[in-house]
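Peer 1: First the structure, then my questions, so here it is.
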Number of protein chains: 2
Amino acid sequence: MRQDRRLRRRNETVQEILDTAIEVMAEEGVAALSLAEVARRIGIRPPSLYQYFPSKIAIYDALFERGMRRSVEILAPYRATIADDPCGAIAAGQEATIAWMTANPVLAQLMYWRPAPGFEPSPQAFEPAVQQLEILREALQAAVDAGQLAPAAASEEGLALYTVLISGVISQQLSNEPSAPPGQGRFTRYARTALDMFFRYYAPEEGETDDPILRRSRAATPD
Amino acid sequence: MRQDRRLRRRNETVQEILDTAIEVMAEEGVAALSLAEVARRIGIRPPSLYQYFPSKIAIYDALFERGMRRSVEILAPYRATIADDPCGAIAAGQEATIAWMTANPVLAQLMYWRPAPGFEPSPQAFEPAVQQLEILREALQAAVDAGQLAPAAASEEGLALYTVLISGVISQQLSNEPSAPPGQGRFTRYARTALDMFFRYYAPEEGETDDPILRRSRAATPD
DNA sequence: GTCTATAGCTGGATAGAC
DNA sequence: GTCTATCCAGCTATAGAC
């Protein structure tokens, strides 16, 4: 249908704008995004951008949402394995998330700091972030239920600590060694260790069962 | 002496420029720092700024250095207590650092991310960062020597993990709840828990524990 | 949906007078 | 050390023609 084609075309342009905005921010800085430069690169005049986004802030918002959605999508395959092996799913999801974030430093910055004053994610853009936290909570709760972690792991504290670890690894890696290959960074290579630290902190009490940590850390820690 | 006064006056202007640059960055974003705006606010014309800094990058560099120096200064009082109580000194230093960083989000961003492409800290600006790491290493090593932590705590891994915790707490706090009062934030309130996690991960092995004699002799050793 | 034109600004940096 | 003048450019956003 004609309508569909038009919509598809429009959506392609929207995506092109967003892709190009990321490029420009990578070169100029997130706060120094220039719409005119974006327009130039995709071959339109600046006013035409306003057919797709009402303002610069709207572009930040769309990118924040895109980043969050993408990082939820990345978790999807691991989410399916939660029931089988909760701690394994968490570890795999963490690794994939960190790999994606270090490969997408602009979006990581937009998601993990406030680089553009005046921009605050809208509720709609924030929705996938909430969803992501829910997936994490689900995984931690499954680990608790399986007796692999103590109940506190799935509390607000546990969730907060987990996100602290993730954002800390990404932040340190990107600021100290921005161009390290994935998994080879001075900091990303300790991501697994950081997670073991988390797991060990929330190791179940004696009698609460099976200790996943020793098993896991011995199995997976590279040297 | 006349010379001194002139130097002092000059230095005052330098500090005023830096203070104002922080203000402007807080409003416009780190990457969107405008020198013209800085000049306007301190009541000079833009070209006059170039008597104090050769470029915008130089201002970023000076601010990075200032932030790093300041955060080393903050550690000084706790450094003196390392010999007495290494883990206590680490905890107190961590708390003070986090409080300062959350109160100085612009400098924190400059120190913990790369918000301004084209700016990379010069060796001189980076020097206090190295010093800060050395203080941390010293404290962790003291804790190891006192039998309070396992040797790995003072390794590259231990240092990396500690900085991951600090930057993670700050990053999460500033991006999710930028205006929380110190210590009351959803994330800063778990800073101490994060540190406990670290300490527990590096708990000394059985038999490696606390040797009171060794500990006392170290306490008596001048620094 | 894209354009031109325009408003009303802003920018970093240099040359050279005083 | 501060200025004017200047270079040469940049910007977001809107109005309205086609």
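The values are calculated or read from the model by the stated rules, or taken from the named source; none is laboratory data. Just so it is clear, the model here is predicted, and its values are computed rather than measured. Cβ placement follows ideal geometry from the backbone for every residue including glycine, while neighbour counts extend to all protein chains displayed. The area values use the complete protein model at the heavy-atom level, side chains included, leaving out ligands, DNA and RNA. Shrake-Rupley method; radii C 1.70, N 1.55, O 1.52, S 1.80 Å.
Peer 1: Quick check: the distance between the Cα centres of region A:18-52 and region B:1-42, to the nearest angstrom?
Peer 2: The two parts, judged by their Cα centres, are 31 Å apart.
Peer 1: With +1 assigned to the C-beta of every Lys and Arg and -1 to the C-beta of every Asp and Glu, and no other charges, what is the dipole magnitude of region B:1-53 about the Cα centre in debye, to the nearest 20?
Peer 2: With Lys and Arg at +1 and Asp and Glu at -1, about 520 debye.
Peer 1: Continuing with the same structure: Considering only C-alpha atoms, what is the centroid distance from region A:73-98 to region B:68-100, in Å?
Peer 2: So the two Cα centres are separated by 37 Å.
Peer 1: Here's another thing I want to ask about it. Just going by the charge dipole of the protein assembly as shown, with Lys and Arg at +1 and Asp and Glu at -1 on Cβ, which of B:Leu107, A:Thr102, A:Thr163 is farthest out on the positive end?
Peer 2: So the residue we want is B:Leu107.
Peer 1: Just the Cα atoms of the protein assembly as shown: what Rg and Dmax do they give in Å?
Peer 2: Final numbers for Rg and Dmax: 24.0, 85 Å.
Peer 1: Here is a further query. Compute the acute angle (0 to 90°) between the alpha-carbon long axis of helix B:86-103 and the principal axis of greatest extent of the alpha-carbon atoms of chain B; round to the nearest 10°.
Peer 2: For B:86-103 against chain B, the angle is about 20 degrees.
Peer 1: Please tell me the relative contact order of region A:135-209 in percent, rounded to the nearest whole number, where contacts are Cα pairs under 8 Å and at least six residues apart.
Peer 2: In percent, rounded to a whole number, it is 39.
Peer 1: Something else: Using a 7 Å offset from the Cα along the Cα-to-Cβ direction at both A:Glu134 and B:Glu127, what is the distance between the two label points in nm, to one decimal?
Peer 2: Spacing of the two 7 Å Cα→Cβ label points: 5.4 nm.
Peer 1: Tell me, what is the percent relative contact order of chain A, built from C-alpha pairs under 8 Å that lie six or more residues apart?
Peer 2: 18
Peer 1: Could you pull the copy-to-copy label distances for A:Pro46, with points set 7 Å along Cα to Cβ, in nm to one decimal and sorted shortest first?
Peer 2: 1.6
Peer 1: Would you calculate a helix-derived [θ] at 222 nm for chain A, using -39,500 (n - 2.57) for each DSSP H run of n ≥ 4 and dividing by the full residue count, to the nearest 500?
Peer 2: One gets -22500 deg cm²/dmol as the mean residue ellipticity at 222 nm.
Peer 1: Quick check: at a probe of 1.4 Å, how many percent of the accessible area of chain B sits on carbon and sulfur atoms? Kindly include the intermediate steps, with their values, before the conclusion.
Peer 2: Values: 5670 of 11060 Å².
The nonpolar share, carbon plus sulfur, comes to 51 percent.
Peer 1: Quick check: residue separation of A:Ser155 and A:Ser48 times 0.36 nm, minus the Cα distance between them. What number comes out in nm?
Peer 2: My answer for the length gained is 33.7 nm.
Peer 1: Continuing with this model, one more query. First check a/c for chain B, with a ≥ b ≥ c the square roots of the eigenvalues of its C-alpha gyration tensor; if it is under 1.5, answer rounded, and if not, answer prolate when a/b is larger than b/c or oblate otherwise.
Peer 2: Numbers: a/c = 2.79, a/b = 1.88, b/c = 1.49.
Since a/c reaches 1.5 and a/b is larger than b/c, the shape of chain B is classed as prolate.
Peer 1: Continuing with this model, one more query. Total Å² of accessible surface buried at the A-B contact, 1.4 Å probe, nearest 100?
Peer 2: What A and B bury together is about 3600 Å².
Peer 1: Measuring label to label, 7 Å along Cα→Cβ, what does A:Arg189 give against each other copy in nm, shortest first?
Peer 2: Output for A:Arg189: 3.8 nm, nearest copy listed first.
Peer 1: Now, a different point. Given Cβ point charges of +1 (Lys, Arg) and -1 (Asp, Glu) and nothing else, what value in debye, to the nearest 20, does the dipole of region A:36-157 about its Cα centre take?
Peer 2: Working: 10 positive and 14 negative charges, 183 e Å.
Its charge dipole is roughly 880 debye.
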